[in-house]
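Taking it in order: structure first as structure tokens, then the write-up.
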Amino acid sequence: MNLVSNYKYILIIFFVAATAMDALAQGRCVVTYRSLNSEVKVHAYVPEAVDEQPQFPGGDNALMRYINQERRYPREAYCAGIEGRVLCSFIVDSDGSVSNVEVLRGVDESLNREAVRIISGMPRWKAGTIDGGNVPVYYVLSIPFRR
């Protein structure tokens, strides 16, 4: 190897080591959320990386009540006996609003649309925090449909 190749190799190793040490020092995991439906890229923290996780107003029990009150089982799916859980992802933004709602694992197109509608209509959450400041957090939620 010549001197230029050695120099490039050393720079690459330095960059990788510096990036790894920075990630370890921060101890925070940030995901780049790439929308399945568009070119939108959003940086958000995974729930385990924040000091305080986002919370639906009133807590988990209130979230389940909200889902049960808002859920409207699509007639065609109900009559066809289609059941299951629609797994959705979304971002709880630093202001507590819900954005970038997408279906990760669907059941039926009508149930998928209903799950997205339910999540998109949610009230503002209490935002996730790091060091006392609000941050966007990537969240995954399952919406059940049972007859």
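The values are calculated or read from the model by the stated rules, or taken from the named source; none is laboratory data. Here the structure is a predicted model, which is why all the values come from computation and not from measurement. Virtual Cβ from ideal backbone geometry, glycine too; neighbours counted across all protein chains shown. Heavy atoms of the whole protein, side chains included, go into the accessibility calculation; ligands, DNA and RNA do not. Shrake-Rupley method; radii C 1.70, N 1.55, O 1.52, S 1.80 Å.
For the range 46-130, the fraction of 1.4 Å probe accessible surface lying on carbon and sulfur atoms is 45 percent.
Applying the criteria of a DSSP loop state and at most 12 other Cβ atoms within 10 Å to the trypsin sites (Lys or Arg not before Pro) of the range 47-128 yields ARG72. With the simple model of a label 7 Å out from the Cα in the direction of the Cβ, ARG124 to ASN61 spans 2.5 nm.
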